[in-house]
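Beneath this line is the structure, given in structure tokens, with notes to follow.
The values are calculated or read from the model by the stated rules, or taken from the named source; none is laboratory data. Since the model is a prediction, treat every value here as computed from it, not as a measurement. Note that each Cβ is placed from the backbone with ideal geometry, even for glycine, and that neighbours are counted across all protein chains shown.
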Amino acid sequence: MDQKRIQSALQDALEEKMPASRINLWPAVRANLVAGKPQSEQQGEKMNTIKMRPVPRIAFALVIIVALVAITLLTPQGRTFAQSILQLFSRAESTSFPLQSSQIAASEPESSAPTAMAPAPLTSVAEAEAQAGFSAAELPYIPEGFNYLGARLYGKTINIEYETPDKGGHLHIQQSQSGYLQSEWDQVPSDSVVDVQIGELDGEFAQGIFVVYPGETSARWNPDAAILRLRWEKDGIWFEITKSGDVEAIEYLDQATLIKIAESLVYKP
């Protein structure tokens, strides 16, 4: 039996005794299998092992994954595919969902009250940054129709806020290092999500919200609600700009204008 056939027989035996996932134990197992053979034959097999040792399957798989990621990031088709996987808005499976009994008792007509939380106290952006542990991007100007309020901190999420003089309209710029708070109320039906470009970045835009109408026990998606949201990610920070309120003074804030606001954010206004 020549050296190649010996190598093949040893490898077959090892595959039965030792799965590929434990291939790092190969040297010890091989030593046990060839114990007792002539020294010259063991040396010959060692030389073959050094020259022909197979690449562990896990390592080979990692190489393939790295190559695929590189192709994805370097080609337009790959980036489009990656964007379809990285969904900034969680997709709703249906345009309605049933309320729990506690939510039915707490809900108000045409409101998303079950998801509302008490506002955190207003603070400066600098103070919010110190507590959140990262720098926040800000607008170098106050958008037309708004007054600047300041920042609120929810956990490690910074929320910079603007409000119309009559308090009927709001603009929030939310930033977090840990992604978005996802719930049924936060989801968006697929046909209400629009892929957009924010400079060179991919983003998503959506209008609408889940609401509860009088006498109903389910929340239903309202695509005409005056809630506009824009999401994107940059350098490990997850951004969301939200415009809310049907106020004449801020009617100009549409999808295109929100994108311009996103593109004008700076770290040193």
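For the stretch 171-192: of the residues being over 25 Å from L153 (Cβ atoms) and hydroxyl-bearing (S, T, Y), which is farthest from the chain's Cα centre (by Cα)?
The extreme case among them is S192.
Specify the residue that is farthest from E233 (Cα to Cα); the eligible residues are those in the stretch 160-208 that are small (G, A, S) and surrounded by 14 or more Cβ atoms within 10 Å (Cβ to Cβ).
Once the filter is applied, the top-ranked residue is G168.
Which numbered condition in (1) modelled with pLDDT of 95 or more; (2) crowded, with 18+ Cβ neighbours inside 10 Å is the only one that V211 fails?
Of (1) modelled with pLDDT of 95 or more; (2) crowded, with 18+ Cβ neighbours inside 10 Å, only one is false for V211: (1).
Name every residue in the stretch 203-229 that is charged (D, E, K, R) and either within 23 Å of the chain's Cα centre (by Cα) or under 18 Å from S90 (Cβ atoms) (or both), in order of residue number.
E204, R220, R229
Give the residues of the stretch 136-155 that are of a type outside the set (F, W, Y) and under 18 Å from A118 (Cβ atoms), sorted by residue number.
Selection gives L149, G150, A151, R152, L153, G155.
Looking at A92 and the list (1) at pLDDT 85 or above; (2) exposed (fewer than 14 other Cβ atoms within 10 Å of the Cβ); (3) within 19 Å of the chain's Cα centre (by Cα), which single condition is not satisfied?
With respect to (1) at pLDDT 85 or above; (2) exposed (fewer than 14 other Cβ atoms within 10 Å of the Cβ); (3) within 19 Å of the chain's Cα centre (by Cα), A92 is out only on (2).
Can you go through E144, E129, E110, E138 and tell me which one is within 30 Å of V196 (Cα to Cα) and modelled with pLDDT under 90?
Only one candidate passes the filter, namely E110.
Looking at the stretch 238-269, which of the residues that are within 21 Å of K167 (Cα to Cα) and among the aliphatic types (A, V, I, L, M) is surrounded by the fewest Cβ atoms within 10 Å (Cβ to Cβ)? Lay out the reasoning, then the answer.
Going through the stretch 238-269, the residues within 21 Å of K167 (Cα to Cα) turn out to be 240-254, 257-258, 261.
Keeping just the survivors that are among the aliphatic types (A, V, I, L, M) gives 241, 247, 249-250, 253, 258, 261.
Numbers: I241: 25, V247: 19, A249: 15, I250: 22, L253: 24, L258: 22, I261: 19.
Going through the qualifying residues, I end up with A249.
Which condition number does L171 fail, the rest of (1) assigned to a loop (DSSP other than H, G, I, E, B); (2) closer than 28 Å to P121 by Cα being met?
(1)
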